[in-house]
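Worksheet for the structure shown next.
The values are calculated or read from the model by the stated rules, or taken from the named source; none is laboratory data. Here the structure is a predicted model, which means the values were calculated and not measured. Every residue, glycine among them, receives a Cβ derived from its backbone with ideal geometry; neighbour counts consider all protein chains shown. The area values use the complete protein model at the heavy-atom level, side chains included, leaving out ligands, DNA and RNA. Shrake-Rupley method; radii C 1.70, N 1.55, O 1.52, S 1.80 Å.
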Amino acid sequence: MRYATSRSIEVLPTPVQGVVNTIIDWIPLGIVVLVWELVSGGIVATDVLPAPATVGAEIVELFVSGEVFSHLFISLFRVGVGLGLSILVGVLLGVGMARSDPVENFFDIFLSMTYPIPKTALVPLAILWLGVGTKTAILIVFLACLLPIVLNAYNAAENVDQNLVWAAQMMGTDERSILYKIVFPATIPEIMTGVRQAVPIAFIALVSAELIASNAGMGYLILTSGQIGNYPTMFANIVIISAVAFVAVRAFEEARGRLLVWT
Amino acid sequence: MDGRVTISGLEKVYGQGAERTKAIEDLNFEVDGGEFVSVVGPSGCGKSTLLYLIAGFLDATEGTISVDGDPINGPGTDRGVVFQDYALFPWRTVYENVTYGLEEDGVPKDERQNIAQKYIDMVDLDGFEDKYPKELSGGMKQRVGIARTLAYEPKILLMDEPFGALDQPLRESLQDQLLDIWSDLGKTALFITHDVEEAVYLSERVLIMTRHPGTKKTVAEIDLDRSGSREEIVTSDDFAHFKNDVWKSLHEETQTEVTL
């Protein structure tokens, strides 16, 4: 659809246009695979850069044997809980800071100081506090996702149209109810923007944490297969987690579109 | 009749120290219950401030505003504002916007539906109940704004240049619609505008305000025969006479602005 206005494919029937556009969308990925195929066994030896076909076969093997599922589910659980907590805390914190000076004064310094720290740098500390495993991974995902959600919620709640608040007050809404009847719904689109930014960050944080501090999960699989020199499995797991992150982003965008029919 | 607004010794100061500006100074005025009064004045004369003070959104620095003798203390459902930029809740449909005040008032669902439908019909929006504000034109949005305010039945309508953003034919049709509603429902109406013709056409009295700080310059009584059509009214000699009076009075104020 994005290309339909500027290209001659407009003459084609709509379903055919859809297929053509899908193919056009995937061309860049095709080019990457092609270059990968040419480089592998050419400039770079196949034992450190396995060919796409080898990696593809390995992906199939990982799914057929079922080996990948337990790790994938553990990783998804960690992303889900970490992201879920960051949404819950981030929205409360962002809206709270925007609408209450004491809350803002209390948390502002904390957020400003932690903002420039790469959250994955906290993994060694988190291991000391929570040990190796799920809790540490969840903490890192949570911390990494928190800021984009807080910042978006904060900016939106700070800029809620004063006339909307007044309109509700004139119809009898009291000060406290304004928060969830007006401020919260008015900020939902920006909160969704924050979550959209947080989803890929969650996967980056997850894999980073699992590479250092885990006995399971996709990051752990990538690390262990790399350590024993099994590069086809390592690449296969990288491709799988990338594909899962891609699907998560697309699914979220789809859900957001349906939820925000009014924007 | 209920809905009398009494303004006495009203003063509104914004800011402090060097930033201190007086928006309204020593304003005394009364709007009778059921009366239609427009407020005109040069830009920056504090006419919107006046409306928001009466609505209770802003606090007066000095003086009092009373409704039927009781001093106001913050916003209340005896007064309803129609905003220039509509201020509709974008996440609510037309129907849900109109029922908001009724929900807040605890009106049962069946009754809410009847009341909302009555006002949606009154502003000619039947069939648009399930649309969201973003799907509506400016004129339709403002009709939703009017229906939403009418639905919880305030005694006093406070309108802040409600048709300011609309083009001329649409303004005229909404003005006529508003006049019909006003005479049917018998509410007090305070209408802010910068359009002299609009003020004279709609109102029984026009309050002309001075330039900064704003206060009462003069009040024009618009004693028009309104039995005819719009065309008959606006082409009448009386209409031209009242319009000229208000225009001249307002012009003196804008002249001051230029010479300063």
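Please go through the stretch B:149-188 and pick out each residue that is surrounded by 23 or more Cβ atoms within 10 Å (Cβ to Cβ), touching a residue at least 40 places away in the same chain (Cβ under 8 Å) and under 23 Å from residue B:231 (Cα atoms).
Of everything in the stretch B:149-188, just one residue is surrounded by 23 or more Cβ atoms within 10 Å (Cβ to Cβ), touching a residue at least 40 places away in the same chain (Cβ under 8 Å) and under 23 Å from residue B:231 (Cα atoms), namely B:162.
Tell me which residues, restricted to the stretch B:201-260, are closer than 14 Å to residue B:36 by Cβ and touching a residue at least 60 places away in the same chain (Cβ under 8 Å).
Scanning the stretch B:201-260 gives B:202, B:203, B:204, B:205, B:206, B:207, B:219.
Can you list the helices (runs of 4 or more DSSP H) lying wholly within the stretch B:21-127 that have 3 or more residues being open to solvent by 20 Å² or more (accessible area, probe 1.4 Å) and away from chain A (no Cβ under 14 Å)? First the steps, then the outcome.
Numbers: elements: B:47-55, B:94-104, B:109-122.
Answer list for the stretch B:21-127: B:109-122.
Determine, yes or no, whether residue A:175 is within 14 Å of chain B (Cβ to nearest Cβ), open to solvent by 10 Å² or more (accessible area, probe 1.4 Å) and at pLDDT below 95. Talk me through it step by step, then tell me what you get.
Working: within 14 Å of chain B (Cβ to nearest Cβ): yes; open to solvent by 10 Å² or more (accessible area, probe 1.4 Å): yes; at pLDDT below 95: yes.
Criteria met by residue A:175.
Just to check your reading of the model, which residue among A:95, A:44, A:16 is surrounded by 11 or more Cβ atoms within 10 Å (Cβ to Cβ) and assigned by TED's automatic domain parsing to the domain that holds residue A:215? Reasoning before the result, please.
Values: A:44 fails: assigned by TED's automatic domain parsing to the domain that holds residue A:215; A:16 fails: assigned by TED's automatic domain parsing to the domain that holds residue A:215.
After ruling out the rest, the residue left standing is A:95.
Output the number of residues of the stretch A:115-151 satisfying the condition of being among the aliphatic types (A, V, I, L, M), closer than 20 Å to residue A:218 by Cβ and outside any helix (DSSP H, G or I).
Count: 1.
Any residue in the stretch A:153-171 that is modelled with pLDDT of 90 or more, within 14 Å of chain B (Cβ to nearest Cβ), buried (at least 16 other Cβ atoms within 10 Å of the Cβ) and touching a Pro at 6+ places or on another chain (Cβ under 6 Å)?
yes
Give me a count of the residues in the stretch A:209-244 that are touching a residue at least 40 places away in the same chain (Cβ under 8 Å) and either crowded, with 21+ Cβ neighbours inside 10 Å or under 19 Å from residue A:36 (Cβ atoms) (or both).
Residues in the stretch A:209-244 being touching a residue at least 40 places away in the same chain (Cβ under 8 Å) and either crowded, with 21+ Cβ neighbours inside 10 Å or under 19 Å from residue A:36 (Cβ atoms) (or both): 18 in total.
So which helices (runs of 4 or more DSSP H) are wholly in the stretch A:162-232 and hold at least 2 residues that are under 22 Å from residue B:98 (Cα atoms)? Lay out the reasoning, then the answer.
Numbers: elements: A:162-170, A:175-178, A:184-212, A:218-227.
Output list reads A:162-170, A:175-178, A:184-212.
So in the stretch A:178-208, with the set limited to residues that are open to solvent by less than 50 Å² (accessible area, probe 1.4 Å) and touching a Cys at 6+ places or on another chain (Cβ under 6 Å), which one is nearest to the other protein chains (Cβ to nearest Cβ)?
Going through the qualifying residues, I end up with A:198.
Which ones in the stretch B:203-254 are open to solvent by 90 Å² or more (accessible area, probe 1.4 Å) and polar (S, T, N, Q)?
Scanning the stretch B:203-254 gives B:227, B:235.
Does residue A:90 satisfy the criteria of being out of contact with any Ser or Thr (no Cβ under 8 Å at 6 or more places or on another chain) and in the same structural domain as residue A:241 (by TED's automatic domain parsing)? Don't jump to the end; show me each part of the working.
Numbers: out of contact with any Ser or Thr (no Cβ under 8 Å at 6 or more places or on another chain): yes; in the same structural domain as residue A:241 (by TED's automatic domain parsing): yes.
It is true that residue A:90 is out of contact with any Ser or Thr (no Cβ under 8 Å at 6 or more places or on another chain) and in the same structural domain as residue A:241 (by TED's automatic domain parsing).
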